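Asker: Structure provided below as structure tokens; questions to follow.
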Amino acid sequence: MDENKRITTVEEMEEDSRKLHDRACEVCGETWVERAESQKNHCKFGEGGICCRNCSMGPCRISPKAPRGICGADAHAIAARNYLRAISAGTASHSDHAREILHVLHHTKAEGPYIVRDEQKLINLAHEWQIATEGRDIYDIAREVAEVGLMEFGRPFGEMRFPGRAPQERQELWRKEQIWPRAIDREIATAMHMTHMGNSADPEALIRQGLRTSISNGWGGSMLGTEITDILFGTPTVRETEGNLGVLEHDQVNIVVHGHDPVFSEAIVAATELKETLDYCKAKGIKGINVVGLCCTANEVAMRHGVRMAGNFLQQENAILTGACDMMCVDIQCIFPSLPQLAQCFHTKFVTSSPIARIPGADHYEVTPENAFDTAKDLVKLAIDNYSNRDESKVWIPERKQKAIVGYPTEQIIKHLDNITNSHVDTVGSYRPAIDAIKAGVLRGAVAIVGCNNPRIRPDFSHYEIITELFRNDILVVATGCAAQLATKAGLMNKEAKEFCGAGLKRVCELMDIPPILHMGACVDISRMMRLAAGIAEDWGVDMTQIPVVGCAPEWMSEKAVSIANYVVSSGLDVYLGIEPQVNGSDQMMNLITEGTRDIVGAGFIINTDPKVLVKNIIDGIEAKRAALGI
Ligand code: SF4
Ligand code: MSK
């Protein structure tokens with residue numbers, strides 16, 4: 001195979017982005033590139049996390065001349081409070097997303113529009129929660145499961161359920177350290193209360209609440225989001241798709257779905273498949289409708305429908321700049337408020353759908369479980385009508401796209417492992433074949449690569465460098481979010497990518513018939529990764545801190561990422577960060593997040609902005625875990 005065709009390099013991606021960007025400057029002035037330039041030389045107080053505006057005596061900024069705020073809070077207290085607030089915002093985002101999904105589950109009924117697609121997963125969850133299923137209508141069960149799930153947010157007494165899915169040692173540790181979360185909303189409220197003026201100033205106490213709040217996300221909100229989404233829309237299965245802006249079509253109506261919550265995008269996809277929609281399109285003389293995704297909504301619909309992925313976070317403006325986007329429908333999170341303005345420079349209709357993400361200049365259609373399908377039908381027709389408004393002189397669709405294989409939730413990983421050991425009944429349904437490969441050294445370990453991209457560093461480059469170096473070192477990669485999209489754009493997320501791997505990983509890919517990087521979904525699906533790591537530790541018979549599996553967020557940017565990184569650490573896995581958290585104005589906080597958490601949960605952050613150094617740190621970390629296990 002011609003190597004140049006097999007991979008799209010970061011330089012090639014940049015070339016396409018530059019061309020689109022130059023057109024943006026001609027047509028409508030700016031993109032994130034200009035805005036990042038104008039924000040250069042970031043405020044050092046903000047960067048260090050040592051600016052406090054938690055009361056109106058301030059804002060207070062900490063410097064050698066002014067080492068305390070007016071109330072007496074020092075740099076450590078202020079940095080820790082700001083950090084805990086970031087964890088809380090991230091936890092709130094993932095968890096509120098899950099809450100909405102639970103409300104949709106509560107609305108399901110046999111006649112639709114929303115139905116239960118994975119009945120077995122619903123029944124399993126009902127059993128896990130001691131909800132009676134015998135002789136009951138599946139929609140009765142769905143309603144009760146939704147009600148019990150919703151109690152996870154605000155139960156007045158007791159504690160959360162899903163942390164009980166962690167290995168026994170983890171559960172005991174979380175109890176001993178008193179960081180087993182009580183309820184999602186309660187942990188967020190406690191965090192906000194602790195950080196209010198005149199409360200906690202002790203960085204360690206604030207960090208402990210950060211860990212507890214983050215567990216309520218990873219082993220709570222996010223896990224609920226994943227589980228209920230699977231019940232509603234089906235547990236993902238392995239599918240072929242394509243990625244990068246080349247998935248936009250010249251001769252079809254292009255609808256881009258963007259955000260995170262698949263409730264709206266599922267309705268859009270369904271509406272495009274209706275006979276009446278297709279007839280309408282045909283009557284207008286248009287060849288077809290092409291739905292493509294951006295960010296995590298892309299991951300959701302790719303894994304369940306094979307919908308193609310237009311790109312990751314910093315590519316969202318580019319999709320409009322092609323001039324070929326007839327409609328962009330957004331739901332929640334990671335949506336640039338610049339998009340409606342950009343859309344107005346073209347013919348693109350820009351539609352918001354959630355009261356959580358209202359943006360000036362957008363056409364707002366509030367989507368509810370009751371009206372989602374009718375709204376989607378109307379919007380798809382509007383997009384079809386809008387096709388004729390495309391100005392061909394403004395259209396440029398980059399040709400580059402790559403094939404990808406997506407859809408590896410834990411169920412699919414186990415299935416692939418079962419396929420290679422089908423005669424060994426004792427290993428069926430377990431991770432033991434993978435563990436054996438790690439013990440034998442054929443695989444050195446696994447890394448979960450997650451997160452966004454970020455103009456602070458060269459976008460996409462760190463992901464690319466780290467993933468390819470891990471391949472060469474026989475380390476399997478699992479990916480979610482925009483990291484998974486980079487791998488897709490680059491052409492790394494397909495089976496041919498085994499040619500870039502060391503002999504051991506290549507052999508494993510061949511035996512299991514998998515790519516060397518497994519697509520596990522959207523940001524909320526990092527909860528799938530926690531279950532994978534927990535399952536490996538349990539089947540191995542060791543603690544999660546001991547397995548040669550780590551997390552890495554090379555280009556993260558969001559508060560959700562801060563929450564995620566903390567729940568991964570709380571689960572006992574080291575996390576390698578390519579962007580520094582905003583706490584470096586406090587040496588105590590820097591020490592707490594890199595070393596201090598090791599005394600509490602047995603893991604911490606390793607931070608380096610140079611991807612070559614960071615990946616070396618990862619490999620060294622994995623080898624150290626192997627050595628400690630005596631393998
Ligand atoms: Fe300043 Fe303290 Fe108020 Fe923060 S809480 S703004 S440090 S006085
Ligand atoms: S979409 S949180 S930019 S991964 Fe989940 Fe991408 Fe990061 Fe948003």
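Values quoted throughout were computed directly from the atomic coordinates according to the rules given, and no laboratory measurement underlies them. On a predicted model such as this, the values are computed, not experimentally measured, just so you know. When we count neighbours, we look across all protein chains shown, and the Cβ atoms used for this are built from the backbone with ideal geometry, even at glycine.
Asker: Can you give me the long-range amide H partners of M328? Hydrogens built in the peptide plane at 1.01 Å from N, cutoff under 5 Å, separation of 5 or more residues or another chain.
Answerer: V256, K349, F350, V351
Asker: Related question: Give the lysines whose C-alpha is closer than 22 Å to that of K415, dropping any in the same chain fewer than 8 places away, or say none.
Answerer: K121, K439, K495, K498, K506
Asker: Right, here's the next one. Where does region 496-631 land on Rg/Rh, using Cα atoms and the Kirkwood Rh? Please report the intermediate quantities before stating the final value.
Answerer: On the way: Rg = 15.7 Å, Rh = 16.1 Å.
Taking Rg over the Kirkwood Rh, I get 0.97.
Asker: How large is the charge dipole for region 405-629, taken about the Cα centre, if only the Cβ atoms of Lys, Arg (+1) and Asp, Glu (-1) carry charge, to the nearest 20 debye?
Answerer: I would put it at about 340 debye.
Asker: Quick one: dipole size for region 18-151, taken about the Cα centre, charges +1 on Lys/Arg Cβ and -1 on Asp/Glu Cβ, in debye to the nearest 20.
Answerer: Roughly 1080 debye for region 18-151.
Asker: Applying a 10 Å radius around every beta-carbon, put 8-20, 337-349, 129-141 in order of their mean neighbour count, most first.
Answerer: My ranking of the peptides, most packed first, is 337-349, 8-20, 129-141.
Asker: Now, a different point. Taking amide H atoms as placed 1.01 Å from N in the peptide plane, list the residues 5 or more away in sequence, or in a different chain, whose amide H sits under 5 Å from that of N473.
Answerer: So N473 has HN proximity to G502.
Asker: Search the structure for amide H atoms under 5 Å from the amide H of N290, placed 1.01 Å from N in the peptide plane, and list their residues when 5 or more places away or on another chain.
Answerer: Answer set, sorted by chain and number: V253, N254, I255.
Asker: Related question: If we count other beta carbons within 10 Å of each Cβ, what is the order of I70, I78, I600, fewest first?
Answerer: I70, I600, I78
Asker: Of all DSSP beta bridges in the chain, what percent run antiparallel (nearest 5)?
Answerer: 15 percent
Asker: With the Cα gyration tensor of region 569-628 giving a ≥ b ≥ c as the square roots of its eigenvalues, does the rule (a/c under 1.5 for rounded; else a/b larger than b/c for prolate; else oblate) give rounded, prolate or oblate?
Answerer: Working: a/c = 2.46, a/b = 1.18, b/c = 2.08.
The shape class here is oblate.
Asker: Read phi for every residue in region 115-123 and hand back ³J(HN,Hα) as whole Hz from Karplus 6.51 cos²θ - 1.76 cosθ + 1.60, θ = phi - 60°, with x for Gly and Pro.
Answerer: For region 115-123, the Karplus-derived couplings read 10, 8, 9, 10, 5, 5, 5, 5, 4 Hz, x marking Gly and Pro.
Asker: Something else: Work out how much length N371 to E499 would gain on full extension: take 0.36 nm times their residue separation and subtract the Cα-Cα distance, in nm to one decimal.
Answerer: Details: separation 128, 0.36 × 128 = 46.08 nm, distance 4.80 nm.
My answer for the length gained is 41.3 nm.
Asker: Compute the orientation-averaged projected area for the chain from the convex hull of its Cα atoms and round it to one decimal in nm².
Answerer: For the chain, averaging the hull's shadow over all directions gives 28.1 nm².
Asker: Here is a further query. Kindly state, to the nearest 0.05, the FRET efficiency for D426 paired with K284, given R0 = 56 Å and r defined as their beta-carbon distance.
Answerer: That pair, D426 with K284, gives E of 0.40.
Asker: Please name whichever of I123, A89, G29 sits farthest to the positive end of the charge dipole of region 4-131, dipole taken about the Cα centre and charges placed at Cβ: Lys and Arg +1, Asp and Glu -1.
Answerer: Of the candidates, A89 comes out farthest on the positive side.
Asker: Also: How high is the FRET efficiency from E119 to Q344, r the C-beta distance, R0 41 Å, rounded to 0.05?
Answerer: 0.35
Asker: If you plug each phi of region 60-65 into the Karplus form 6.51 cos²θ - 1.76 cosθ + 1.60 with θ = phi - 60°, what whole-Hz ³J(HN,Hα) values come out, in order, with x for Gly and Pro?
Answerer: Those phi angles translate into 10, 10, 8, 8, x, 6 Hz.
Asker: Among 280-289, 367-376, what's the highest-first ranking by average C-beta atoms within 10 angstrom per residue?
Answerer: 367-376, 280-289
Asker: For a quick protection proxy, order the peptides 301-307, 601-607 by their average other-Cβ count within 10 Å, most packed first.
Answerer: Ranked by mean Cβ neighbours within 10 Å, highest first: 301-307, 601-607.
Asker: Could you run the Karplus curve 6.51 cos²θ - 1.76 cosθ + 1.60 with θ = phi - 60° over region 529-538 and give me ³J(HN,Hα) per residue in whole Hz, x for Gly and Pro?
Answerer: 5, 5, 5, 5, 5, 5, x, 5, 4, 5
Asker: Between rounded, prolate and oblate, where does region 245-394 land on the alpha carbon gyration tensor, with a ≥ b ≥ c its root eigenvalues, rounded for a/c under 1.5, else prolate if a/b exceeds b/c?
Answerer: Since a/c stays below 1.5, the shape of region 245-394 is classed as rounded.
Asker: Under 1.5 on a/c is rounded, so check that first for region 352-497, then, if it is not, pick prolate when a/b is larger than b/c and oblate when it is not; a ≥ b ≥ c are the square roots of the alpha carbon gyration tensor eigenvalues. Spell out each step's value before the answer.
Answerer: Numbers: a/c = 2.56, a/b = 1.78, b/c = 1.44.
Prolate shape, in that a/c is at least 1.5 and a/b is the bigger ratio.
Asker: I would also like to ask the following. Given the convex hull of the Cα atoms of region 405-629, what is a quarter of its surface area in nm²?
Answerer: Details: hull surface 44.8 nm².
Taking the Cα atoms of region 405-629, their convex hull projects to 11.2 nm² on average.
Asker: Please state the charge dipole magnitude for region 262-371, taken about the Cα centre, from unit charges on C-beta atoms (+1 on K and R, -1 on D and E), reported in debye and rounded to the nearest 20.
Answerer: 340 debye
Asker: Now for a separate question. When the label point is put 7 Å from the Cα of N199 along its Cα-to-beta-carbon vector, which residues of region 79-107 have a backbone N closer than 20 Å?
Answerer: Counting backbone N atoms under 20 Å from the label point, the list is 79-96.
Asker: Say the dipole of the chain comes from +1 at the beta carbon of Lys and Arg and -1 at that of Asp and Glu; which of V257, A522, Y464 then lies farthest toward its positive end?
Answerer: Y464
Asker: Tell me which of A561, F605, A490 sits at the most positive position along the dipole axis of region 405-629, charges placed on C-beta atoms (Lys, Arg +1; Asp, Glu -1).
Answerer: Looking along the dipole axis, the top candidate is A490.
Asker: How far apart, in nanometres, would the label points at M192 and S56 be if each is projected 7 angstrom from Cα along the Cα-to-Cβ direction?
Answerer: Calculated label separation equals 1.9 nm.
Asker: Would you report the distance distribution of C-alpha pairs in region 98-227 as whole percents per 10 angstrom bin, up to the bin with the largest distance?
Answerer: The distribution over region 98-227 is 12, 38, 29, 15, 6, 1, given as percents.
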